[in-house]
Amino acid sequence: DKGNHRHFMEKEIHEQPEVISHTLSHYLDFAEGKAKRESLPFDFAKLDRIAISACGTAYLAGLVSKYWFERYARLPVDIDVASEFRYREMPMPKASAAFFVSQSGETADTLASLRYCRAEGIPIGAIVNVQESTIARESDCVFPTLAGPEIGVASTKAFTCQLSVLAALAVRAASERGTISAQEEKQLVRELSETPRYATQALKLEEQIDRVGRKLSQYKHVLYLGRGTNYPMAVEGALKLKEISYIHAEGYAAGELKHGPIALIDRDMPVIVIAPHDRVFDKTVSNMQEVAARGGKIILITDKEGSRRAGIETFETIVLPDMPEIIAPIVYALPVQMLAYHTAVFMGTDVDQPRNLAKSVTVE
Ligand code: M6R
């Protein structure tokens, strides 16, 4: 049931504050300011690395979490798309664990990667939305995303719930590895508890984003740029836009711009820059200047501080509130999804059932 929404995708975008809150409270004890510690088939403190493998949007959730695990828990992460991982014959040192991220829990390549790790004898954790799925069944432990059923082929709420689980696990890993203090853990948990509130504020940008979507629907090619955790978000934005609007889109790490894609910049290719005011903001601004100097049209998704400091004339600036760094990837997913959604609605495509795509990819 779509309720009063035009599409399941729209409904699922709007459910996010609630399902994120639900998911985070499953993993974090807000009153105590701590990550919950249900027993695990491995010990974060004894791991040398984790391997993460998944497909599509679930892979991009894993890629964001690499930044979190490495930065907060000082735990190296190898992340691959499952279709590559399964055939790569990666050596699995004893002190590792493998995580698989999947909404459906049935994705063929992800399942095959899981079975490879099982044969290598390392502990397996699954971050899944469908709990009675094959991937859940074949894992040593299941970290559920409590997004509820996701009907739209484009993954939205499952993605932000995957990010929520992974952020909570990164905080737990950091605490157990002693790479953050009790005080820092408390602070991170408090920041994460604010996510639903910021997500609600992000939804209020819908009217503006609808206008930007109308503009974007006039173009054939779009480039997305971001640094740090905004790099996977740029790739996710491009994936979302191409899968439902059929506009050609590419997502790049902003620093890669001058290594090739800058050759494409002209007034016919809008560049969407995802850049909250964080540690790498100034670097991204210099990439934006390069785009602007070549007549590129910039759509900047940033926060108040970022819009004040960017000092660049943009085609459009979408301004979110300033927020803690750890929650930005979860909250910024919303404007990125809404932009793809509204653009696709203007294009008149079948948003919930895009051509050639299936909700669950059970064949290789
Ligand atoms: O069910 P899964 O999470 O394993 O599916 C993985 C991908 O097929 C999925 O995320 C796909 O990329 C979505 N259509 C993206 O919106």
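The values are calculated or read from the model by the stated rules, or taken from the named source; none is laboratory data. Remember, predicted model here, so these are calculated numbers, not experimental data. Note that each Cβ is placed from the backbone with ideal geometry, even for glycine, and that neighbours are counted across all protein chains shown. These area figures cover heavy atoms from the full protein model, side chains too; ligands, DNA and RNA do not enter into them. Shrake-Rupley method; radii C 1.70, N 1.55, O 1.52, S 1.80 Å.
Of 37, 6, which residue is outside any helix (DSSP H, G or I), touching a residue at least 12 places away in the same chain (Cβ under 8 Å), closer than 23 Å to residue 148 by Cα and more than 16 Å from the ligand (Cβ to nearest atom)? Exactly one residue qualifies, and that residue is 6. State yes or no: is residue 31 over 19 Å from residue 331 (Cβ atoms), open to solvent by less than 20 Å² (accessible area, probe 1.4 Å) and of a type in the set (A, V, I, L, M)? Against the criterion (over 19 Å from residue 331 (Cβ atoms), open to solvent by less than 20 Å² (accessible area, probe 1.4 Å) and of a type in the set (A, V, I, L, M)), residue 31 does not qualify.
I need every pair where a residue in segment 123-143 that is over 14 Å from residue 113 (Cα atoms) has its Cβ under 6 Å from the Cβ of a residue that is more than 14 Å from the ligand (Cβ to nearest atom) and β-branched (Val, Ile, Thr), sequence separation at least 6 or different chains. Close Cβ pairs satisfying both conditions: 140/124. Residue check: is residue 167 under 16 Å from residue 65 (Cβ atoms) and at pLDDT 95 or above? So residue 167 passes the test.
Is there a residue in segment 251-268 that is within 28 Å of residue 358 (Cβ to Cβ) and either β-branched (Val, Ile, Thr) or touching a strand residue (DSSP E or B) at 6+ places or on another chain (Cβ under 7 Å) (or both)? The answer is yes, given that some residue of segment 251-268 is within 28 Å of residue 358 (Cβ to Cβ) and either β-branched (Val, Ile, Thr) or touching a strand residue (DSSP E or B) at 6+ places or on another chain (Cβ under 7 Å) (or both).
Looking at segment 115-145, which of the residues that are within 13 Å of the ligand (Cβ to nearest atom) and small (Gly, Ala, Ser) is nearest to residue 235 (Cα to Cα)? My answer is 126. Just to be sure, is residue 148 more than 14 Å from the ligand (Cβ to nearest atom), assigned to a loop (DSSP other than H, G, I, E, B), within 25 Å of residue 3 (Cα to Cα) and not hydrophobic (A, V, I, L, M, F, W, C)? It is true that residue 148 is more than 14 Å from the ligand (Cβ to nearest atom), assigned to a loop (DSSP other than H, G, I, E, B), within 25 Å of residue 3 (Cα to Cα) and not hydrophobic (A, V, I, L, M, F, W, C). Checking each residue in segment 207-240 for being under 14 Å from residue 344 (Cβ atoms) and surrounded by 18 or more Cβ atoms within 10 Å (Cβ to Cβ) picks out 209, 212, 213, 216, 222, 237, 238, 239, 240. Residues of segment 118-144 that are within 24 Å of the chain's Cα centre (by Cα) and assigned to a helix (DSSP H, G or I): 134, 135, 136. The condition of being open to solvent by 10 Å² or more (accessible area, probe 1.4 Å), hydroxyl-bearing (Ser, Thr, Tyr) and part of a loop (DSSP other than H, G, I, E, B) holds for residue 360.
Kindly indicate whether residue 96 is at pLDDT 95 or above, within 14 Å of the ligand (Cβ to nearest atom) and of a type in the set (Ser, Thr, Tyr). Taking the combined requirement at face value, the residue does not satisfy it.
Select from segment 96-135 the residues that are hydrophobic (A, V, I, L, M, F, W, C), closer than 19 Å to residue 83 by Cα and open to solvent by 10 Å² or more (accessible area, probe 1.4 Å) and list them in ascending order. 108, 111, 112, 119 - these are the residues of segment 96-135 that are hydrophobic (A, V, I, L, M, F, W, C), closer than 19 Å to residue 83 by Cα and open to solvent by 10 Å² or more (accessible area, probe 1.4 Å). Is it fair to say residue 95 is closer than 26 Å to residue 233 by Cβ and either basic (Lys, Arg) or in contact with a strand residue (DSSP E or B) (Cβ under 9 Å, 6 or more places away or on another chain) (or both)? Judged against the criteria, residue 95 is not a match. For segment 348-356, state whether one or more residues are without any contact (Cβ under 8 Å) to a residue 24 or more places away in the chain, within 16 Å of the ligand (Cβ to nearest atom) and over 28 Å from residue 197 (Cα atoms). Yes, segment 348-356 contains a residue that is without any contact (Cβ under 8 Å) to a residue 24 or more places away in the chain, within 16 Å of the ligand (Cβ to nearest atom) and over 28 Å from residue 197 (Cα atoms). Within segment 169-187, none of the residues are within 15 Å of the ligand (Cβ to nearest atom) and part of a helix (DSSP H, G or I). Scanning segment 177-197 for residues that are open to solvent by less than 60 Å² (accessible area, probe 1.4 Å) and either at pLDDT below 95 or among the polar types (S, T, N, Q) (or both) yields 179, 181, 193, 195.
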